[in-house]
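*Asks:* Pasting in a structure now, in structure tokens, and then I'll have a few things to ask.
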Amino acid sequence: MRNFLDRIRYYFRDCYGVDKLSTYIFILAVILSFNRYTSFVAFALLAYGIYRTISKNKYKRYQELATFNNFFNIIKQQYYSRKASFSQRKEYKIVKCPNCSQKLRLPRKKGKVTITCSKCGNQFKAKS
């Protein structure tokens with residue numbers, strides 16, 4: 001038995017291992033496995049997660065992880081941007097410059113105001 005475990009350890013010594021993407025793939029596979037209509041997709045994701053974990057092509061796995069991190073960071077930035085604008089909706093009104101589409105924040109309940117865009121210097125009127 002000891003010899004068998006040594007062989008397994010020897011084979012897995014240069015494997016890529018579990019990273020953030022593999023963890024998310026495993027979690028998604030478990031969630032999808034609860035529904036009988038998505039169980040095939042869950043099985044495919046589980047197989048891909050295991051393949052990523054025992055793969056010896058580390059360069060390719062690093063590239064996949066970098067692509068995932070870039071995509072995930074874009075989603076996180078959009079989420080936090082929308083969260084911030086949603087939390088400020090009572091105090092401020094967001095308007096866009098008609099010239100350059102720069103978003104500008106106006107305090108609410110000030111009536112009609114003349115706004116100067118900080119990016120392009122264009123002046124326009126808006127109701128706050």
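*Asks:* Starting from the coordinates of the alpha-carbon atoms of the stretch 25-75, obtain the Kirkwood hydrodynamic radius over all distinct pairs and give the value in Å to one decimal.
*Replies:* Details: mean 1/r = 0.0834 Å⁻¹.
12.0 Å is the Kirkwood radius here.
*Asks:* Using +1 at the Cβ of each Lys and Arg and -1 at the Cβ of each Asp and Glu in the chain, identify which of Phe40, Phe12, Gly111 lies farthest towards the dipole's positive end.
*Replies:* The listed residue farthest towards the positive side: Gly111.
*Asks:* Something else now. Rounding to the nearest 10 and keeping the result within 0 to 90°, find how far the Cα-based axis of helix 20-32 lies from the longest principal axis of the chain.
*Replies:* 90 degrees
*Asks:* Return one number: the angle in degrees, 0 to 90 and rounded to the nearest 10, between the long axis of the Cα atoms of helix 2-12 and the longest principal axis of the Cα atoms of the chain.
*Replies:* Helix 2-12 and the main axis of the chain meet at about 40 degrees.
*Asks:* How much of the accessible area of the chain, in percent, comes from carbon and sulfur atoms when a 1.4 Å probe is used? Mind dumping the intermediate values first?
*Replies:* On the way: 6050 of 10310 Å².
Answer for the chain: carbon and sulfur cover 59 percent of the accessible area.
*Asks:* Here's another thing I want to ask about it. Pairs of alpha-carbon atoms within less than 8 angstrom and 6+ residues apart define the contacts here; what relative contact order does the chain have, in percent? Write out the running numbers ahead of the final one.
*Replies:* Details: 116 pairs, mean separation 19.9, N = 128.
Here the relative contact order equals 16 percent.
*Asks:* Above 16 angstrom, tally the Cα pairs of the stretch 79-128 and express them as a % of all pairs, no decimals. Walk me through the numbers before you get to the answer.
*Replies:* On the way: 501 of 1225 pairs.
Percentage above 16 Å: 41.
*Asks:* In the chain, what cysteines have no partner Cβ closer than 4.7 Å?
*Replies:* Cys15
*Asks:* Suppose only helical runs count, i.e. DSSP H with n ≥ 4. What mean residue ellipticity at 222 nm does that imply for the chain under -39500 (n - 2.57) per run, divided by all residues and rounded to the nearest 500 deg cm²/dmol? Spell out each step's value before the answer.
*Replies:* Working: 4 runs with 70 residues, N = 128.
Rounded to the nearest 500, the figure is -18500 deg cm²/dmol.
*Asks:* Same structure again: Using a 1.4 angstrom probe, figure out how much accessible area the chain has per residue, in square angstrom, rounded to the nearest whole. Walk me through the intermediate numbers first.
*Replies:* Details: 10310 Å² over 128 residues.
Counting only protein heavy atoms, the per-residue value for the chain is 81 Å².
*Asks:* Expressed as cubic angstrom per residue, what is the convex hull volume of the alpha carbon set of the chain?
*Replies:* On the way: hull volume 24.9 nm³, N = 128.
So the per-residue Cα hull volume is 195 Å³.
The values are calculated or read from the model by the stated rules, or taken from the named source; none is laboratory data. In this text, all values refer to a predicted model and were calculated from it rather than measured experimentally. Quick reminder, even Gly has a Cβ in these numbers, built from the backbone with ideal geometry, and neighbours come from all protein chains shown. Surface areas here come from the heavy atoms of the whole protein model, side chains and all, with no ligands, DNA or RNA. Shrake-Rupley method; radii C 1.70, N 1.55, O 1.52, S 1.80 Å.
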